[in-house]
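Data first, discussion second: the structure below is written as structure tokens.
The values are calculated or read from the model by the stated rules, or taken from the named source; none is laboratory data. Here the structure is a predicted model, which means the values were calculated and not measured. Quick reminder, even Gly has a Cβ in these numbers, built from the backbone with ideal geometry, and neighbours come from all protein chains shown. Just so you know, the surface numbers come from the protein's heavy atoms only, side chains and all, with ligands and any DNA or RNA stripped out. Shrake-Rupley method; radii C 1.70, N 1.55, O 1.52, S 1.80 Å.
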Amino acid sequence: MNINVNVKRSLIGAMLVALLAPAAIAAPRDGKSTSDRDAAVAEKWIAAWNSHSPEKMLLVFTADVFYEDVAFGEVSHGSAELCKFAASEFEGVPDLELKLLRANVQGGHGTIEWVLSGTDKGVFNTGKKFSVRGVSVIDVRDGKISRSVDFYDSGTIMRQVGVLPTPPTDAK
């Protein structure tokens, strides 16, 4: 009977090691949980855009980043292309500002909901202000964004800056 108790204890101990070891091995070295680090990346993404510095933007992304602006059909592969894209955005909308609405990033994947505001100086050259809601779907690797795909309604921007007519109020 004493042997059965020891066997059971050994089996339970082995099962605990098997269950807990992967979590300990996968724990990040900086002491923060992966979910904390993933959630913080949304705030870093917003701050990077609001810095108006392409170089600061690159600190948030992996070197092999894939970045797509779906509304305008812009695709950037890697740091150099993303740097060019960011510079063109800052030039076209010099007072560009993003506000974080909500973020949900877990297990290396998630969304960042935001409001983009600014003055159109070089996109449609109207000099008019606009504001649009959007969402970015992101993948995170080693605490940095490896993939970001932005979705928002470019028609909203175009109506606000006068490039498209505003629909009649009775339209549904």
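Counting only residues that are at positive phi and touching a Ser or Thr at 6+ places or on another chain (Cβ under 9 Å), which one in region 119-142 is modelled with the lowest pLDDT?
Let us first name the residues in region 119-142 that are at positive phi, namely 125, 127, 142.
When the remaining residues are screened for being touching a Ser or Thr at 6+ places or on another chain (Cβ under 9 Å), the result is 127, 142.
Details: G127: 98, D142: 94.
My answer is D142.
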Problem set entry | Residues satisfying the stated conditions in region 154-172, i.e. touching a helix residue (DSSP H, G or I) at 6+ places or on another chain (Cβ under 9 Å) and open to solvent by less than 80 Å² (accessible area, probe 1.4 Å) | V163, L164, P167
Seminar exercise, completed: Only unsatisfied item for D142, checking (1) touching an Asp or Glu at 6+ places or on another chain (Cβ under 8 Å); (2) open to solvent by 20 Å² or more (accessible area, probe 1.4 Å); (3) in contact (Cβ under 8 Å) with a residue 40 or more places away in the chain, is (1)
For this session: Looking only at region 74-128, count how many residues are over 26 Å from Q160 (Cα atoms) and β-branched (V, I, T).
Result: 1
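Buried (at least 16 other Cβ atoms within 10 Å of the Cβ), charged (D, E, K, R), at pLDDT 55 or above and under 12 Å from the mean Cα position of the chain (by Cα): is that true of E43 in this structure?
Numbers: buried (at least 16 other Cβ atoms within 10 Å of the Cβ): no; charged (D, E, K, R): yes; at pLDDT 55 or above: yes; under 12 Å from the mean Cα position of the chain (by Cα): yes.
No; evaluated as a whole, the condition is false for this residue.
Name every residue in region 56-96 that is of a type in the set (D, E) and either surrounded by fewer than 19 Cβ atoms within 10 Å (Cβ to Cβ) or in contact with a Lys or Arg (Cβ under 6 Å, 6 or more places away or on another chain) (or both), in order of residue number. Reasoning before the result, please.
Of region 56-96, the ones of a type in the set (D, E) are 64, 68-69, 74, 81, 89, 91, 95.
Selection gives D64, E74, E81, E91, D95.
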Problem set entry | Enumeration of residues in region 38-83 that are touching a residue at least 60 places away in the same chain (Cβ under 8 Å), of a type outside the set (A, V, I, L, M, F, W, C) and under 12 Å from V149 (Cα atoms) | Y67, E68, D69
For this session: State all residues of region 58-86 that are closer than 24 Å to N125 by Cβ, assigned to a loop (DSSP other than H, G, I, E, B) and in contact with a helix residue (DSSP H, G or I) (Cβ under 7 Å, 6 or more places away or on another chain); if no residue qualifies, say none.
Result: A71, F72
